[in-house]
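S.K.: Structure incoming, see below.
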Amino acid sequence: MLVAFTFPAKPGKEEELKKLLGDPDAGRRAARLLGATRNTLFFSQGRMIRVLEFPDGAEPPSMTEIIEQNPDFERFMRQLGPLIEGGFDLDRPGSLEEFSRRITYPLVFDLRP
């Protein structure tokens, strides 16, 4: 199963966002926490696009669950929120869930010819 999401940086925060998200080792750690088998990042003109691949039938955990179980991931998310246009505030209940719904794109098809 593939999951895709995208969001823009706040104006003036593009390079900071790119640097925060651009660490491949951090991307591997995040993929493991999420149970993803692949984590692909695209970044251009201040916009991030991420595609995660999960094993067939796997249900990705909620970001809130991962944050509650992993202090390092919570620190990362607290750094990330203020860099995103229309971002989220972990101290505001429901903010992260609403943000996730807004940025996630539904899968139409995934073909392997």
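Only the coordinates and a few stated rules stand behind these numbers; no lab work does. Small disclaimer: the values here were computed from a predicted structure and weren't measured. Don't worry about glycine lacking a Cβ; one is built from the backbone with ideal geometry, like all the others, and counts go over all protein chains shown.
S.K.: Out of the residues in the stretch 95-113 meeting the condition of being more than 24 Å from P11 (Cβ to Cβ) and touching a residue at least 12 places away in the same chain (Cβ under 8 Å), tell me which one is farthest from the chain's Cα centre (by Cα).
M.R.: The first filter runs over the stretch 95-113 and keeps only residues more than 24 Å from P11 (Cβ to Cβ), leaving 97, 106-113.
So of that shortlist, the ones also touching a residue at least 12 places away in the same chain (Cβ under 8 Å) come out as 97, 107, 110.
Numbers: E97: 12, L107: 16, D110: 20 Å.
Here the answer is D110.
S.K.: Please go through the stretch 67-94 and pick out each residue that is under 12 Å from the mean Cα position of the chain (by Cα) and either exposed (fewer than 15 other Cβ atoms within 10 Å of the Cβ) or assigned to a helix (DSSP H, G or I) (or both).
M.R.: Correct list: F73, F76, M77, L80, G81.
S.K.: Another question about this same structure. Being of a type outside the set (A, V, I, L, M, F, W, C) and either loosely packed, with under 11 Cβ neighbours inside 10 Å or under 14 Å from L20 (Cα atoms) (or both) is the filter here; which residues of the stretch 39-57 pass it? If you could, list the steps in order and put the result at the bottom.
M.R.: First, the residues of the stretch 39-57 that are of a type outside the set (A, V, I, L, M, F, W, C): 39-40, 44-47, 50, 53, 55-57.
Passing the criteria: S44, Q45, G46, R47, R50, P55, D56, G57.
S.K.: Shifting gears a bit: Please find, among I49, I67, the residue that is β-branched (V, I, T), over 22 Å from L2 (Cβ atoms) and without any contact (Cβ under 8 Å) to a residue 60 or more places away in the chain. Can you show your working first?
M.R.: Details: I49 fails: over 22 Å from L2 (Cβ atoms).
Result of the check over I49, I67: I67.
S.K.: Would you mind telling me which numbered condition in (1) touching a residue at least 60 places away in the same chain (Cβ under 8 Å); (2) surrounded by fewer than 14 Cβ atoms within 10 Å (Cβ to Cβ); (3) under 24 Å from G94 (Cα atoms); (4) not acidic (D, E) K10 fails?
M.R.: Looking at each condition in turn, K10 falls short on (2).
S.K.: Okay, moving on. One residue is enough: does the stretch 13-33 have a residue meeting the conditions touching a helix residue (DSSP H, G or I) at 6+ places or on another chain (Cβ under 6 Å), outside any helix (DSSP H, G or I) and surrounded by 14 or more Cβ atoms within 10 Å (Cβ to Cβ)?
M.R.: For the stretch 13-33, residues touching a helix residue (DSSP H, G or I) at 6+ places or on another chain (Cβ under 6 Å), outside any helix (DSSP H, G or I) and surrounded by 14 or more Cβ atoms within 10 Å (Cβ to Cβ): present.
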